[in-house]
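Taking it in order: structure first as structure tokens, then the write-up.
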């Protein structure tokens, strides 16, 4: 019972901190603010975390790992697909995560790791999963010969821009037609210029 209560309290602190970090930034948020929003005493925060920095780091690592885990699961379930099909599935998962875990996605996407000084070498990065599929596609000739890091960045850049438009109310990620069009355009950006076929997402 005590362990469950402690876990519940810790989750309340994390949830409150995430909301405040997204609104005010890490530097603009005080532990007093987090305690107030979580409805706990400020001293309670220090029973679970050493500092505000630790809260921010834990949130960043947790959501990065969660997104990467979902992307890896998607890749494992599409092992027999072509590189284009695998990439389309990864984009579905990426967009789905941004829609269902909006606060968490916005937090990691805002680049807070630059303030946190978190070593990305210790984190499972979503880019790595995209990079794996893009590298496979380049090797097979399905995708154009280009730097796989750049190619992965192109795809993720298109997706994050779409998510920004969704957050601003310009588009709706629940619109399947729009999502399919975006995936198709992202895949076309990687297809060799001489290729006549177009992947249907």
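Values in this text are rule-based calculations from the coordinates and carry no lab data. What you see is a predicted model; the values in this text were computed from it and never measured. Reconstructed Cβ throughout: ideal geometry from the backbone, glycine too, with neighbour counts over all protein chains shown.
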Read-out mean projected area of the Cα convex hull in nm², derived from the coordinates shown; its label in [x] 21.3; [y] 13.2; [z] 11.5: [y]
Relative to the longest principal axis of the chain, what angle (0 to 90°, nearest 10) does the C-alpha long axis of helix 83-100 take? 30
If I stretch the segment between residue 145 and residue 99 completely, what's the gain in nm (0.36 nm per residue apart, minus their alpha carbon distance), one decimal? 13.3 nm
Counting other beta carbons within 10 Å of each Cβ, put 92, 58 in order, fewest first. 92, 58
Principal-axis tilt of helix 2-24 within the chain, Cα atoms, nearest 10 degrees: 70
Which order do the peptides 137-143, 14-20, 166-172 take when ranked by the mean count of other beta-carbon atoms within 10 Å per residue, highest first? 14-20, 137-143, 166-172
Based on the Cβ-Cβ distance of residue 185 and residue 73, what FRET efficiency does E = 1/(1 + (r/R0)^6) give at R0 = 25 Å, to the nearest 0.05? 0.50
Give me the angle, in degrees from 0 to 90, between the Cα long axis of helix 148-167 and the longest principal axis of the Cα atoms of the chain, rounded to the nearest 10. 60
What spacing in nm lies between the two simple spin-label points modelled at residue 80 and residue 27, each 7 Å away from Cα in the Cβ direction? 5.3
At R0 = 30 Å, FRET efficiency that the Cβ-Cβ distance of residue 4 and residue 167 yields, to 0.05: 0.30
Calculate the spin-label point distance for residue 136 paired with residue 46, positioning each point 7 Å from the Cα along the beta-carbon direction, and give it in nanometres. 5.0
Just need the relative contact order of the range 56-170 here, percent rounded to a whole number, with Cα pairs under 8 Å and 6+ apart. 33
